[in-house]
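See structure below.
The values are calculated or read from the model by the stated rules, or taken from the named source; none is laboratory data. None of these values were measured; they are calculated from a predicted model. Here the Cβ is made from the backbone with ideal geometry for all residues, glycine too, and neighbour counts use every protein chain on show. In case anyone asks, the SASA skips ligands and DNA or RNA and just uses the protein heavy atoms, side chains included. Shrake-Rupley method; radii C 1.70, N 1.55, O 1.52, S 1.80 Å.
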Amino acid sequence: KNEFHTLASAKVLLSDCLACDNCMTSEEGARVFQQNQKELFRILNLNKKCDTSKHKVLAVSICPQSLPYFAAKFNLSVNDAAKRLCGFLKSLGVHYVFDTTIAADFSILESQREFVQRYQRRNQEEHALPMFASACPGWIRYAERVLTNLVTSHICTAKSPQQIMGSLVKGYFARQQNLSPDKIFHVIVAPCYDKKLEALREDFYTALYNSQEVDCVLTSGEIVQIMEQKNVSMKDVTEVAVDSLFDEIKEGDVVRHDGKRSDGYLEHIFKHAAKELFGMDVKEITYKALKNKDFQEVTLEKDGETVLRFAAAYGFRNIQNLVLKLKKGKFLYHFVEVLACPGGCLNGKGQAQTEDGKPDKALLSQMEEVYAAIPVRLPETNVLVQKMYQDWLDGVDSKKVQETLHTKYSAVNQTASNLDIKW
């Protein structure tokens, strides 16, 4: 009893938080708990009732890094895995199944544009560079909860692919279908649990419709659990073509972006910046491994001078080292692709894990092979994206682009000291 009393009386300050998501507020905990298979089935069962006024249109969006998990786990091609996963979800009662690659197109294009603008303002604005990628919710949560505005002001304002997909489904698609956003229940299938917390952010909530852009996030592993509960094998499911956000169009073969284990922000932004800022066409990127395989560097030289220096930093060990250098004023990089998971998005905790919670290295290796074999499509070449910029967003440089595709990040704890990152 005395020991319990001592533990219960202990106080932990916000500045002590590592944003590891092992603890959170009770409100966050309750809302995250709702993002599970039971919530999906609650909506599915609701739709079976006679009162059609309470029916929801169920839309599921699948992250590109989840598909290699299903392909490797069930020994399927990635295209077969996408179609069978679509068939399984529709057999449950889901109305639409989308691929989030188009949302990543928007996110990458906006990140490219923002980097070039920041680079051009680097001598006028103290926090213009370096720019950190904004696609990883684990990194964003860590930056906002633990680090100061010295760091958050460097984060790219482009929304992550997940949240842009939320805008596409509850904005563009809802309008196309003449639906109110609150009549759509939008589920994301993702490789990591941090996506659940990202979906709850207040800046991704529309008060007018009392609706989040993403209502529920299920990990790839949770989808497999549903299959196991239903005693269904992926190989027995009927193949169904993945839906498109555009009427009467079905998605073709699965495509991906440059990048070995993620959406490839570093590669796309590097090549775009080389062309826009220095008139150089970079075809292939050479990575230089530094302290470990999850910390790599890419540089661009012109006339014997290094004009661009990018880095990929995966895992908190590398992130902490980068932030420490930034605070000491010894930061050399113009852009850093930051991902919280060692090994990148394919190694998300919501997939490719053994029963004891450790990475399934054999399965992960298969997933990397599957992902690497998927054809690459440049965001600039997607004519549907260019059409949507004009028809939906009023042009590339419009106010609506800023409101729909961008957000703002700031430190939650303004009093955190440098001790927060010196473990």
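Quick look at the numbers
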{"read-out": "Cross-link table Lys283/Lys327; Lys183/Lys349; Lys159/Lys271; Lys159/Lys195, entries beyond 24 Å C-alpha to C-alpha", "value": "Lys283/Lys327; Lys183/Lys349"}
{"read-out": "Within the chain, helix-based [θ] at 222 nm, where runs of 4 or more DSSP H residues each add -39,500 (n - 2.57), nearest 500", "value": "-11000 deg cm²/dmol"}
{"read-out": "Distant-in-sequence amide H partners of Asp360 (H built 1.01 Å from N, under 5 Å)", "value": "Gln353, Thr354"}
{"read-out": "Contour excess over end-to-end distance, with Cα ends at Lys327 and Gln37 and 0.36 nm allotted per residue", "value": "100.2 nm"}
{"read-out": "Per-selection metrics, the stretch 62-170 (Cα): Rg and Dmax in Å", "value": "18.0, 56"}
{"read-out": "GNM flexibility winner over the chain from Gln212, Gln120, Gln65 (Cα, springs under 10 Å)", "value": "Gln120"}
{"read-out": "Rough spin-label spacing in nm, given labels placed 7 Å along Cα→Cβ, for Lys275 and Glu369", "value": "3.3"}
{"read-out": "Mean projected area in nm² (Cα convex hull; one quarter of hull surface) for the stretch 118-258", "value": "12.2"}
{"read-out": "Heavy-atom accessible surface of the chain: percent carbon and sulfur, 1.4 Å", "value": "49"}
{"read-out": "Förster-model FRET efficiency, 30 Å R0, Gln177 and Glu380, C-beta, rounded to 0.05", "value": "0.60"}
{"read-out": "Helix runs (DSSP H) in the chain reaching 27 Å along axis by Cα, Kyte-Doolittle at least -1.0", "value": "101-120"}
{"read-out": "Percent breakdown of C-alpha pair distances by 10 Å bin, ordered from the shortest bin, for the chain", "value": "4, 21, 32, 26, 12, 3, 0, 0"}
{"read-out": "Under 22 Å from the Cα of Lys83 - lysines, other chains or at least 8 residues apart", "value": "Lys73, Lys230, Lys235, Lys250"}
{"read-out": "Cross-link reach list, aspartates and glutamates versus Lys38, counting only Cα pairs under 17 Å and skipping chain neighbours closer than eight places", "value": "Asp215, Glu222, Glu228"}
{"read-out": "Exposure rank, largest accessible area first [Arg256, Arg113; 1.4 Å]", "value": "Arg113, Arg256"}
{"read-out": "Exposed-site-free run, longest, the chain (rule: GluC sites (Glu not before Pro); DSSP loop; at most 12 other C-beta within 10 Å)", "value": "1-124"}
{"read-out": "Long-range Cα-Cα pairs in the stretch 284-423 (distance over 17 Å), rounded percent", "value": "76"}
{"read-out": "The stretch 267-358 - convex hull of alpha carbons, volume per residue in Å³", "value": "120"}
{"read-out": "Average accessible surface area per residue within the chain, 1.4 Å rolling probe, Å²", "value": "47"}
{"read-out": "Local electrostatic count at Glu125 - Lys and Arg +1, Asp and Glu -1, tallied over other residues with Cβ under 13 Å", "value": "+1"}
